[in-house]
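Working notes for the structure below.
The values are calculated or read from the model by the stated rules, or taken from the named source; none is laboratory data. The model shown is predicted, which means the values in this text are computed figures rather than measured ones. A quick note on method: Cβ atoms are made from the backbone with ideal geometry, for glycine too, and the neighbour counts reach across all protein chains shown. All accessible areas refer to the heavy atoms of the entire protein, side chains included, with ligands and DNA or RNA removed. Shrake-Rupley method; radii C 1.70, N 1.55, O 1.52, S 1.80 Å.
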Amino acid sequence: MATETHGAEAVSTCVDSHGSAVGMPQLCGDWIGNQVFWLVITLVVIYFVLARIALPRIAAVLAERQGTITNDIAAAEDLKRKAEEAEAAYDKALADARAEAQVIAQKARDDIKADLDVAMEKADAEIAAKAAGSEKAIAEIRDSALANVEVVAKDTAGAIVAALGASADDAKIAAAVDAQLKG
């Protein structure tokens, strides 16, 4: 390389007489071979560190994550299937309950109607019995009223005849009242 000797010191084109770098040492042509050597060594070390240590760990983490994701997806599908089965069972139970409620309601309506029919027949029988009793009482009252009308008419006719100053016997008054009542 191009080194000059000034007395006992060796000076290169990249270093001045005081040992300081001239310009940017990375761009010094005298050191390029040395820099390339250390670059290759560093890249080989980095490659082996990545290939033997870091990348297997990263691959293991990625594989573990993929396994976890796959297991979670399978579990989610299983839970979804179970939820759909539970929903179907719920819908069936709900439909069965509604059908049973309809049957119970219809039976209750039929029982109520039967009870109502029995009560209506009983009430009709009681009303008919009371109506017959009332008709009998009315007939008795009518008959007694007619009998009383005849007695009152005979008494009234006798009183009118007596008030007019005449005398009439009871047989004639009774015959006249009976003839008038018959029509």
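Numbers at a glance
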| item | result |
| --- | --- |
| Flag if Ile58 is open to solvent by less than 80 Å² (accessible area, probe 1.4 Å) and not in a loop (DSSP other than H, G, I, E, B) | no |
| Pair list, Cβ under 7 Å, 6 or more apart: the range 112-132 residue on the phi > 0 side of the Ramachandran plot, other residue open to solvent by 90 Å² or more (accessible area, probe 1.4 Å) and part of a helix (DSSP H, G or I) | none |
| Positions within the range 36-45 being modelled with pLDDT under 95 and either more than 29 Å from Pro25 (Cα to Cα) or open to solvent by less than 80 Å² (accessible area, probe 1.4 Å) (or both), in sequence order | Val36 |
| Single unsatisfied condition, Gly23 versus (1) part of a loop (DSSP other than H, G, I, E, B); (2) open to solvent by 70 Å² or more (accessible area, probe 1.4 Å) | (2) |
| First in the range 138-166 and on the phi < 0 side of the Ramachandran plot, second anywhere and loosely packed, with under 11 Cβ neighbours inside 10 Å and not in a helix (DSSP H, G or I), Cβ under 9 Å, 6 or more apart | Val161/Ser167 |
